[in-house]
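First comes the structure, then the notes that go with it.
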């Protein structure tokens, strides 16, 4: 039943994202009401939650993974967990923040599961030399070359990140790509501020070392 509700709500156009920091009394009151309706068995209330927050969940998961099937699986997992844990939602923070925390932890768990079996085979994504030079695309050689240079740069960055421990990837993604503060990362991960700072310091040092080595062993 829960999976059916998620699928039904996911078929609607996604609503705009509610800011994680948006904790106005009005939003909190609305979120508490939604939670109480869900606990009372109101399926439409849960569909409303999925519809309102699915875009945020997918966007966060997309920061960590490329494959759409992995992202969709995580989104499904997040909302199933949210439904099961709704009794524990006390309305002290917006649902957007609560769901973001569940999403980050689901991504962290997935990174740890696939630590020894990378999500994608990077060698399969290496561009063909003819494609790099734009061969086979008359009149578009320069554009194709620029495209593949950018693609190779992106893949190189992903190869480097894939070599980092899951916790490093989480902290760098949240602080660098999402632009979150130490306190915000701590709230989403459940780590103390001191722990976040230590992890961020170590993660940056590991990344610098990989860059200095030229990504040795990433191919």
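The values are calculated or read from the model by the stated rules, or taken from the named source; none is laboratory data. Remember, predicted model here, so these are calculated numbers, not experimental data. When we count neighbours, we look across all protein chains shown, and the Cβ atoms used for this are built from the backbone with ideal geometry, even at glycine.
Could you list all residues from the range 63-74 that are without any contact (Cβ under 8 Å) to a residue 24 or more places away in the chain and either surrounded by 16 or more Cβ atoms within 10 Å (Cβ to Cβ) or closer than 10 Å to residue 103 by Cβ (or both)?
Within the range 63-74, 71 is the sole residue that qualifies.
Check whether at least one residue in the range 160-174 is more than 18 Å from residue 60 (Cα to Cα) and part of a helix (DSSP H, G or I), and report yes or no. Let's see the steps before the verdict.
Kept after step one, since they are more than 18 Å from residue 60 (Cα to Cα), are these residues of the range 160-174: 160, 163-165.
Adding the requirement that they be part of a helix (DSSP H, G or I) leaves 160.
Yes, that holds for at least one residue.
Kindly indicate the residue of the range 175-184 that is touching a residue at least 40 places away in the same chain (Cβ under 8 Å) and in a helix (DSSP H, G or I) and also nearest to residue 102 (Cα to Cα) among those meeting that condition.
Here is the first cut: in the range 175-184, the ones touching a residue at least 40 places away in the same chain (Cβ under 8 Å) are 177-178, 184.
Narrowing the set further to residues that are in a helix (DSSP H, G or I) leaves 177, 184.
Working: 177: 18, 184: 14 Å.
Within the range 175-184, the match that is nearest to residue 102 (Cα to Cα) is 184.
Answer with yes or no whether residue 206 is touching a residue at least 24 places away in the same chain (Cβ under 8 Å), assigned to a helix (DSSP H, G or I), surrounded by fewer than 18 Cβ atoms within 10 Å (Cβ to Cβ) and outside the structural domain of residue 103 (by TED's automatic domain parsing). Explain how you work it out, then say what you get.
Values: touching a residue at least 24 places away in the same chain (Cβ under 8 Å): yes; assigned to a helix (DSSP H, G or I): yes; surrounded by fewer than 18 Cβ atoms within 10 Å (Cβ to Cβ): yes; outside the structural domain of residue 103 (by TED's automatic domain parsing): yes.
Here the answer is yes, as residue 206 does meet what is asked.
Examine the range 193-203 for a residue that is loosely packed, with under 12 Cβ neighbours inside 10 Å, at pLDDT 95 or above and either in the same structural domain as residue 64 (by TED's automatic domain parsing) or touching a helix residue (DSSP H, G or I) at 6+ places or on another chain (Cβ under 7 Å) (or both), and state whether such a residue exists.
Among the residues of the range 193-203, not one is loosely packed, with under 12 Cβ neighbours inside 10 Å, at pLDDT 95 or above and either in the same structural domain as residue 64 (by TED's automatic domain parsing) or touching a helix residue (DSSP H, G or I) at 6+ places or on another chain (Cβ under 7 Å) (or both), which makes the answer no.
Only one of 37, 112 is modelled with pLDDT of 95 or more, touching a helix residue (DSSP H, G or I) at 6+ places or on another chain (Cβ under 6 Å) and either within 25 Å of residue 163 (Cβ to Cβ) or in a helix (DSSP H, G or I) (or both). Can you tell me which? Talk me through it step by step, then tell me what you get.
On the way: 112 fails: modelled with pLDDT of 95 or more.
Being modelled with pLDDT of 95 or more, touching a helix residue (DSSP H, G or I) at 6+ places or on another chain (Cβ under 6 Å) and either within 25 Å of residue 163 (Cβ to Cβ) or in a helix (DSSP H, G or I) (or both) holds for just one of 37, 112, which is 37.
Filter the range 53-67 down to the residues that are in a helix (DSSP H, G or I) and either touching a helix residue (DSSP H, G or I) at 6+ places or on another chain (Cβ under 8 Å) or closer than 19 Å to residue 169 by Cβ (or both) and list them by number. Break it down stepwise before answering.
As a first pass, look at the range 53-67 and keep what is in a helix (DSSP H, G or I): 53-64.
Listed by number, the residues that qualify are 53, 54, 56, 57, 58, 59, 60, 61, 62, 63, 64.
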